[in-house]
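What follows is a short report on a single structure.
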Amino acid sequence: MNTLIEAKESFILHCKFEKGLSTKTIKAYSSDINQFDSFLTLEKFSNKFNEIDKVTLKSFLQFISTKKPKTIKRKIATLKALFNFLEFEDEILINPFRKMRIQIKESKKLPCVLNISDVKVIFKTVSQIRDSFLSKESYTYKAIVRDMAVLELLFATGIRVSELCNLKYNNIGSNFSSIIIKGKGDKERIVQICNKETKHALQEYNKLFKAAILQNGYFFNNRLNMPISDQSVRLMIRKYTLISGLNKKITPHTFRHTFATLLLEEGVGLIYIQHLLGHSSIMTTQIYTHVSQVKQKQILRTKHPRKKFSLEEIM
C-alpha cells in the first residue's frame, strides 16, 4: 500500500466491516477521496499518501473553496478520517492535519416549515385526485394511493426520505400501529402511528402493492416492483405542490421540519422530539426553538410580565 487509491481501498474496508458505516456514507467517502486523487494528478502533486503534506491540503482547500461550506466540511472530514486511519495503522509518521486549523463557517439557514393549513391543502388535493378515479384497477390510481401513504407517513413520523425508501415490511408493527426506522449509523428507533387516517392510508396501499412488497421486502415500491427512490419522492411532492397552488419550495425534508416544529408548538419537549427524529445530539434538535415563531408569540402574549400592568393603572 503506497498510493492514495490503495490507501482508500483499505480505508473503505475498515469503514464497512470494522466501523459498520452505512452504504451512503461509504459512497460519499469514496467519491471525496477520488476527487482528491484527481486533484493531485491535475496539480501535479504526489499521489503517495506519505508525501501529502499541509501545503498539498491547503492547495486542495483552495481548489474546492467555491463549493458550499457544508460540502467543503464533508470533504475535509473525509480526508481527516482517512489520515487518522493511516496514522493509527502506522502507515504514516505524521498526520498532515495535526497542525492545521481549518474553520469553515456555515451560514445557519432556518428550515422551511409548513403551517397546518398548507398541510391540509396538500392532503386535500391528493385525496380529491384519488377519489375522482372511477376505475380502481389502473396503475395511476394505485400510484396515487401510494403517494397518499407516503405523505401520511412523512407527516406522521418525521421520517427521513432515505429512511422511508428503505423501510422494510417486516419493520412495520401489527395493524400499522408502529414502525421501526433504521436511521443514520444503523441506529434503530420505534415511532408509533396513532392517527386512524394514516393507518388506513398505509393499509390501502399495502393491499394494492402486496405482491411487490412480498417480492422484495421493501414497503414502498414503484411500477417496476422496485423500491421507490429518494428522487421519485421529491418529484412526487413537487408535483402535488404545484397542483395545490402553494407558492413554496416543499421537499420531503420540509415534512420532517414541519413535524418537529408543530410538535414543539404543541408543547412537546425537545428530548422527545430528538428521539422521534433520531438525532444523536439534542443540539441538532434545538434549531426548532428558533423556527417556532407561533409558540414564541403565544408565550410572549400570555406569559410576559408586561401583561401584568398597564399605563392606565399606574398613572
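The values are calculated or read from the model by the stated rules, or taken from the named source; none is laboratory data. Just so you know, these numbers come straight off a predicted model, no measurement behind them. Every residue, glycine among them, receives a Cβ derived from its backbone with ideal geometry; neighbour counts consider all protein chains shown.
Exactly one residue out of LEU57, LEU93, LEU61, LEU40 is more than 24 Å from the chain's Cα centre (by Cα), in a loop (DSSP other than H, G, I, E, B) and not polar (S, T, N, Q): that is LEU93. LYS187 meets each of the listed conditions (1) loosely packed, with under 14 Cβ neighbours inside 10 Å; (2) basic (Lys, Arg); (3) in contact with a helix residue (DSSP H, G or I) (Cβ under 6 Å, 6 or more places away or on another chain) apart from (3). When region 130-167 is filtered for residues that are within 18 Å of LYS199 (Cβ to Cβ) and either of a type in the set (D, E, K, R) or not assigned by TED's automatic domain parsing to the domain that holds PRO227 (or both), the ones remaining, listed by number, are ARG130, ARG146, ASP147, GLU152.
Looking across region 237-251, the residues that are under 18 Å from the mean Cα position of the chain (by Cα) and under 18 Å from LYS120 (Cβ atoms) come down to ILE237, ILE250.
Any residue in region 7-28 that's basic (Lys, Arg): show its pairings with residues that are assigned to a helix (DSSP H, G or I) at Cβ separation under 6 Å, as long as the two are six or more apart or on different chains. Short answer, once both residue conditions are applied: LYS8/ILE33; LYS16/ILE26. For LYS199, the test of being out of contact with any strand residue (DSSP E or B) (no Cβ under 7 Å at 6 or more places or on another chain), over 19 Å from PRO252 (Cβ atoms) and either part of a strand (DSSP E or B) or at pLDDT 95 or above (or both) is passed.
Determine whether region 37-58 contains at least one residue that is in contact with a Cys (Cβ under 7 Å, 6 or more places away or on another chain) and not basic (Lys, Arg). The answer is no; no qualifying residue exists. Take the conditions (1) assigned to a helix (DSSP H, G or I); (2) at pLDDT below 90; (3) out of contact with any helix residue (DSSP H, G or I) (no Cβ under 6 Å at 6 or more places or on another chain); (4) over 19 Å from LYS182 (Cα atoms); THR284 misses just one of them, which is (4).
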